[in-house]
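Visitor: Input: one structure, supplied below.
We did not get these values from a lab; they are worked out from the coordinates using the rules stated. Fair warning: this is a prediction, and the values are worked out from it, not measured in the lab. Glycine gets a Cβ as well: all are built from the backbone with ideal geometry, and neighbour counts include every protein chain shown.
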Amino acid sequence: MNIGIVCYPTFGGSGVVATELGIALAHKGHKVHFITYSQPFRLNQFNENLFYHEVNVNDYPLFDYQPYESVLASKIVDVAIYERLDVLHVHYAIPHASVAYLAQQILKSRKINLPYITTLHGTDITLVGQDPSFEPVIFFSLNNSNAITSVSESLRKDTLKTFKIANDVKVIPNFIKIEDYQHQPEMQCHRKNFAAPNEKILIHVSNFRKVKRVEDVLRVFDIVRKEIPCKLILVGDGPERPAIDKLCRELNTCSDIISLGKIANPKEVLSISDLFILPSETESFGLSALEAMALKIPVISSNTGGIPELNIHGKTGYMSNVGDYQDMAKNTITLLSDEKKFQQFRENAFEQAKKFDIEAILPMYEKLYKEVIAAGI
Ligand code: GMT
């Protein structure tokens, strides 16, 4: 198949999922065309089936806001015609679903059929999508998608509750390529640069937005370190970073916190860590937690959104109510104080991660592509 993929190319789970999906499809022989405003950060390999089409918005003095959507739609039309796309797959509804609809209609006027699939990732429904200023456009473009997928059952329910769309939403969970995690180079030698031999390493990876509740990570750490020698590694950056820096000064914990900033592929730093902390306010799936679990790292998380579909309470980690950092700290101490239990949780986390291997998920997307192509628009 000739498949077009539109996504956010910058740091973020939806871009990672879209890129890894495209790479896997290319390895299976499909021709995959990424249409994005910059090179997706994990699209860093040569493959004869992978193509990248950059969307360039020219500056013009009249534009206070760049007309990105128009340029993206034109680019999709161009790629669809000249690369003979069979299907377009857009990740994150805003603004990609409505742009896909526009491109589809332009192509239709030229007697070309291009079905589009919208994959919902989370805040496009649970946060941004609920803003009334987006609602009519999202509602319309979802209803006109030739198929909609969501990355968890929880997000499917949220979508159907928020938007009374006629379309069904098919759950296709996020995935990892488990093989990439098994052949991870031994990084334990780097561990000594971060922690003493008797210290545990807690880690949090996110884009530091409010929804991630990074302040709870610091509060958990503040309680745990009074009982168990440990360090905290923070990976990522975003609007909450100044507040986090301030809080660690107030709690007087900065000397034990290592803030690494953005890392394109955090596998290496994850591999030297002991426990992953994910206290999000809402989380449709929690791809970063899955990446940690693939490296046998148990997860201490909130019990919101799609997280319970991934993290099994009392088996692969523990879950607490959103904001209950004291319970999260208690669970962390319980796990880190019992080596036998900790080792068992590590194995359980890995077993659970294997269920989300790309080998199991890719055929679901391929089947859906075939179905929408066969159905036409
Ligand atoms: O909504 C966001 O935070 C952005 C989005 C992204 O592009 O990173 O994250 C969402 O999609 C990820 C990939 O499907 C999921 O793993 C995240 O759970 C989800 N984030 C939220 O729901 C907050």
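Visitor: Tell me, what HN-Hα J-couplings in whole Hz come from the Karplus equation 6.51 cos²θ - 1.76 cosθ + 1.60 at θ = phi - 60° for each residue of region 129-143, using x for Gly and Pro?
Guide: x, 8, 5, x, 6, 9, 3, x, 6, 5, 3, 5, 6, 6, 4
Visitor: Hey, what do the phi angles of region 268-274 turn into as Karplus ³J(HN,Hα) couplings, whole Hz, using 6.51/-1.76/1.60 and θ = phi - 60°, x for Gly and Pro?
Guide: Couplings: 5, 6, 4, 5, 9, 9, 9 Hz.
Visitor: Further, regarding this structure: Could you compute the FRET efficiency for Val71 and Lys315, with r as their C-beta to C-beta distance and R0 at 56 Å, rounded to 0.05? Walk me through the intermediate numbers first.
Guide: Details: r = 48 Å, r/R0 = 0.85.
The computed FRET efficiency comes out at 0.70.
Visitor: Simple spin-label model, 7 Å along Cα-to-Cβ: Glu339 to Asn198 in nm?
Guide: Distance between label points: 1.4 nm.
Visitor: What's the center-to-center distance, using Cα atoms, between region 124-168 and region 266-324 in Å?
Guide: Cα centroid of region 124-168 versus Cα centroid of region 266-324: 25 Å apart.
Visitor: What ranking, highest mean first, results for peptides 207-220, 364-377, 235-248 when packing means the other Cβ atoms within 10 Å averaged over each residue?
Guide: Working: 207-220: 21.6, 364-377: 14.6, 235-248: 16.3.
Taking the mean over residues of other Cβ atoms within 10 Å, the ranking is 207-220, 235-248, 364-377.
Visitor: Same structure, new question: Give me the percent relative contact order of the chain, please, defined on Cα pairs under 8 angstrom at least 6 residues apart. Mind showing how you got there, number by number?
Guide: Working: 705 pairs, mean separation 52.8, N = 377.
Result for the chain is 14 percent.
Visitor: Further question: Quick query: amide H of Val171 versus all other amide H atoms, modeled in the peptide plane; which residues come in under 5 Å with a sequence gap of 5 or more or a different chain?
Guide: Under 5 Å from the amide H of Val171: Ser150.
Visitor: Quickly rank 70-81, 297-308 as a protection proxy: mean count of other C-beta atoms within 10 Å, highest first.
Guide: Details: 70-81: 19.4, 297-308: 24.2.
Descending mean neighbour count gives 297-308, 70-81.
Visitor: Give me the aspartates and glutamates in straight-line cross-link reach of Lys164: C-alpha distance below 14 Å, same-chain residues under 8 apart excluded.
Guide: Qualifying aspartates and glutamates at Cα under 14 Å: Glu135.
Visitor: May I pose another question? Structure shown: which of Lys246/Lys341; Lys161/Lys367; Lys315/Lys340; Lys267/Lys367; Lys157/Lys262; Lys262/Lys330 lie over 24 Å apart, alpha-carbon to alpha-carbon?
Guide: Numbers: Lys246/Lys341 35 Å; Lys161/Lys367 26 Å; Lys315/Lys340 13 Å; Lys267/Lys367 30 Å; Lys157/Lys262 32 Å; Lys262/Lys330 29 Å.
Correct reply: Lys246/Lys341; Lys161/Lys367; Lys267/Lys367; Lys157/Lys262; Lys262/Lys330.
Visitor: Separate question: Hey, can you rank 49-61, 130-142 by average C-beta count inside 10 Å, highest first? Please report the intermediate quantities before stating the final value.
Guide: Working: 49-61: 12.7, 130-142: 15.2.
The densest-packed peptide leads the list: 130-142, 49-61.
Visitor: Could you pull out every residue, at least 5 positions away or on a different chain, whose amide H is within less than 5 Å of the one on Tyr318? Hs are placed 1.01 Å off N in the peptide plane, and Pro or chain starts have none.
Guide: Counting only residues 5 or more places away or on other chains, the set is Val299, Ile300, Ser301.
Visitor: Show me the GluC sites (Glu not before Pro) within region 282-354 that DSSP assigns to loop and that have at most 11 other Cβ atoms within 10 Å of their Cβ. Walk me through the numbers on the way to the answer.
Guide: Numbers: sites: Glu283, Glu291, Glu309, Glu339, Glu347, Glu351; in loops: Glu283.
Those that pass, being in a loop and sparsely packed, number zero.
Visitor: Determine which residues of region 314-347 fall in the zone a paramagnetic label at Ala243 would reach in this model, i.e. backbone nitrogen under 18 Å from the point 7 Å along Cα→Cβ.
Guide: Within reach of a label on Ala243, which here means backbone N under 18 Å from a point 7 Å along Cα→Cβ, region 314-347 contributes 322-326.
Visitor: In µm²/s, what is D for the chain at 20 °C and 1.002 mPa s, where D = kT/(6 pi eta Rh) by Stokes-Einstein and Rh is the Kirkwood radius from Cα pairs?
Guide: On the way: Rh = 21.6 Å.
Calculated translational D: 99 µm²/s.
Visitor: Can you figure out the FRET efficiency of Met364 with Asn56, using R₀ = 25 Å and their beta-carbon distance, to the nearest 0.05?
Guide: 0.15
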